[in-house]
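The next block holds one structure in the form of structure tokens; read it before the comments.
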Ligand SMILES: Cc1cc2nc3c(=O)[nH]c(=O)nc-3n(C[C@H](O)[C@H](O)[C@H](O)COP(=O)(O)OP(=O)(O)OC[C@H]3O[C@@H](n4cnc5c(N)ncnc54)[C@H](O)[C@@H]3O)c2cc1C
């Protein structure tokens, strides 16, 4: 690789996971180059919007719980190292009904790993949290050890610590192409090429472009976050909406279309409650390049109407709305591992709208894979060659399903 500046590792994409990988690698004494299309901590990808839910009774699969435990430890270490508050544990309420995946999955995970939780019926939910109007057949898992994260502050903390440990972080430097060369990789931006022994691709919604050769069946969803101002009443004043009184929540219902999630008023009395649809008819497929960032009046009324079913006091007054992207894998499990055809390339993508809470542990996993090609963390379910991603592991010309 003569002629190119050369590093032990280059991380492409310094968003949620790339910033964590850069920090972890640099902290281990690895010489790291980080390349990012936009500025540090931006709102063009998937890591913005002021808050992310963190929870342990994981309805997506009880197998995630050991990783979540490591993630919680990692968040505490990051907070300490950076000297910032990133996590607020205000509790989590996962409302569903008998037989629906969110309720049954959350309860199964809590029971399997003996996570502290309570099961509440509709009366129990109303009694504990009077602003909620659950459906009559509702059942919920209430978990204390859940809450929210501050994504922009977390990415900033990881970038600052990475730089403090010597990582060379370069912004406004989109990577145009990469290729493997003897013993390493070559990565090219508009104005130059860089050499490294290892390449970590953490490109979020742009992963399908940078990993085009793999033909992973990833799809990108346009996902809008809405901040809606509730009307305060003597029975439900501002205080009813703050951390001590309101958990993060997710509701799926036999009687209400689309599953909704939201947060209390974590940005003060005029900041609104952030809500969004996790699954629902108005969610559209896109690509990162073609993303429509305009939020329509129809979308706003569909979402505020849906939110009002659960929280009747939630008004229609929108404080703001912003667009984000989910990068979906067909089975909604992450894609993390060594590139099936190039052992010097590590990939992490397809976080399917639930990845942020895992940022610290995924940073460690990526550093392990970079340094040793393996990790002690249980990542078999994220294998880039697993069946739902490719029925013929190693095949590169597979059409998208
Ligand atoms: C609306 C919404 C709500 C969510 N809620 C939750 C939640 O409550 N809890 C939870 O755990 N998760 C949640 N998530 C999911 C979580 O935020 C994502 O899984 C996570 O942010 C994905 O991180 P990433 O690093 O893959 O992508 P990003 O953070 O977008 O980082 C990718 C980076 O790569 C850069 N890049 C791309 N291509 C190139 C290139 N060619 N050259 C250089 N740089 C490049 C991009 O600019 C970007 O900075 C939510 C996501 C959204 C959108």
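Just so you know, all these numbers are worked out from the coordinates, no wet-lab data involved. These numbers come from a predicted model, not from an experiment. Using ideal geometry, Cβ is built from the backbone for each residue, glycine included, and neighbour counts are taken over all protein chains shown.
Quick rundown of the values:
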quantity: Overall Cα dimensions of region 235-283 - principal axes, largest extent first, Å; calculated: 32, 19, 15
quantity: Cα-based shape type of region 1-54, given that a ≥ b ≥ c are square roots of the gyration tensor eigenvalues and the cut on a/c is 1.5; calculated: oblate
quantity: Span per principal axis, largest first, for the Cα atoms of the chain (Å); calculated: 71, 41, 40
quantity: Computed Kirkwood radius, in angstrom, where 1/r is averaged over Cα pairs of region 216-332; calculated: 15.1 Å
quantity: Peptides 363-374, 302-313, 74-85 ordered by average Cβ neighbours within 10 Å, highest first; calculated: 363-374, 302-313, 74-85
quantity: Candidates 117, 342, 354, ranked by Gaussian network fluctuation over the chain, Cα under 10 Å, top entry; calculated: 342
quantity: Nearest 10 degrees, 0 to 90: helix 101-112 Cα axis against the chain principal axis; calculated: 80 degrees
quantity: Cβ crowding within 10 Å averaged over residues, with 59-71, 199-211 ranked highest first; calculated: 199-211, 59-71
quantity: For region 98-162, the Rg and Dmax computed from alpha carbons only, in angstrom; calculated: 16.3, 50
quantity: Rounded tilt (10° steps) of 359-372 against the dominant C-alpha axis of the chain; calculated: 20 degrees
quantity: Tail beyond 13 Å, pair distance distribution of region 203-243 (Cα, percent); calculated: 69 percent
quantity: Volume of the Cα convex hull of region 277-332, divided per residue and given in Å³; calculated: 100 Å³
quantity: Proxy reagent accessibility, fewest Cβ within 10 Å first, across 351, 358, 17; calculated: 358, 351, 17
quantity: Residues 387, 189, sorted so that the one with the fewest Cβ neighbours within 10 Å comes first; calculated: 387, 189
quantity: For region 1-158, the fraction of alpha-carbon pairs in successive 10 Å shells from zero, as %; calculated: 10, 30, 29, 19, 9, 3, 1, 0
quantity: Mean-position separation - Cα centroids, region 73-124 and region 331-387, in angstrom; calculated: 23 Å
quantity: Rounded Å value of the spacing that divides the Cα centres of region 188-235 and region 269-324; calculated: 19 Å
quantity: Between helix 65-82 and the chain: long-axis angle, C-alpha atoms, 0 to 90°, nearest 10; calculated: 80 degrees
quantity: Calculated P(r) of region 171-244 - Cα pairs past 16 Å, %; calculated: 68 percent
